[in-house]
1. Being in a strand (DSSP E or B) and more than 19 Å from residue 154 (Cα to Cα) is the requirement here; does residue 4 meet it?
2. I need a count of the residues in region 7-36 that are assigned to a loop (DSSP other than H, G, I, E, B), within 18 Å of the chain's Cα centre (by Cα) and free of Cβ contacts under 8 Å to residues at least 40 places away in the same chain.
3. Is it the case, given these coordinates, that residue 149 is in contact with a strand residue (DSSP E or B) (Cβ under 8 Å, 6 or more places away or on another chain) and at pLDDT 95 or above?
4. For region 14-55, name all the residues that are more than 23 Å from residue 210 (Cβ to Cβ), touching a helix residue (DSSP H, G or I) at 6+ places or on another chain (Cβ under 7 Å) and surrounded by 19 or more Cβ atoms within 10 Å (Cβ to Cβ).
5. Taking the options 214, 198, name whichever one is modelled with pLDDT of 95 or more, touching a strand residue (DSSP E or B) at 6+ places or on another chain (Cβ under 7 Å) and farther than 14 Å from residue 57 by Cβ.
6. Could you please find all residues in region 53-77 being at pLDDT below 85 and part of a loop (DSSP other than H, G, I, E, B)?
7. Considering each residue of region 117-146, count those that are modelled with pLDDT of 95 or more and surrounded by fewer than 12 Cβ atoms within 10 Å (Cβ to Cβ), and give that number.
8. I'm told residue 106 meets every condition in (1) out of contact with any strand residue (DSSP E or B) (no Cβ under 6 Å at 6 or more places or on another chain); (2) closer than 19 Å to residue 44 by Cβ; (3) surrounded by 19 or more Cβ atoms within 10 Å (Cβ to Cβ) except one. Can you identify the failing condition by its number?
């Protein structure tokens, strides 16, 4: 787990202890399969005497050999982290990148997946937080409250990670279409705020199972769809 704050927007991500934030995470159940992922719970607490505002990044590493990441409706076909190419837009050359951080609603499903030599790894989490009875909680179907902030998802080919963010980034580019590519920066709109002494809980579902090909990511996507859909 790492973070960067609004007050030091030009800095890189640093361990949570550098920000005065304590954290814990535990795996409660599951076997990593599409129908029964590892169900994890985590907690974050602001140990500072003042409010903290920024983006928190929770990453999981895998033993990479030849990984291929999948972010539904963001990476597809040849738009992948394992391809080196340039997209020509109206103003400049906007390169592809081997790592991405993006807001949850840029994806069709709140999940990031990777296929690597016979195994599929994945991470699914709520796309945003709401305020419920005075507390910030992850939205899930059936919960009610006022929208608070988006979460986000990440992947890194060089590091061999998939991740979830509390708050969000558009890094290294905010890429809606080739004519509207903007360099990613952290802004107040991106940030998640923790009051002094405030604790926030989050849950994640983790996937880790044998697969014959990348086509088996569809089993995860189907389960995510049914878990989050609203009639």
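1. So residue 4 does not fit the description; no.
2. 1
3. yes
4. Once the filter is applied, which keeps residues that are more than 23 Å from residue 210 (Cβ to Cβ), touching a helix residue (DSSP H, G or I) at 6+ places or on another chain (Cβ under 7 Å) and surrounded by 19 or more Cβ atoms within 10 Å (Cβ to Cβ), region 14-55 yields 52, 54, 55.
5. Just a single option satisfies the conditions, and that option is 198.
6. Selection gives 72, 73, 74, 75, 77.
7. Qualifying residue count for the region: 1.
8. (2)
The values are calculated or read from the model by the stated rules, or taken from the named source; none is laboratory data. Fair warning: this is a prediction, and the values are worked out from it, not measured in the lab. Methodologically, a virtual Cβ is constructed for each residue, glycine included, from the backbone with ideal geometry; neighbour enumeration extends over all protein chains shown.
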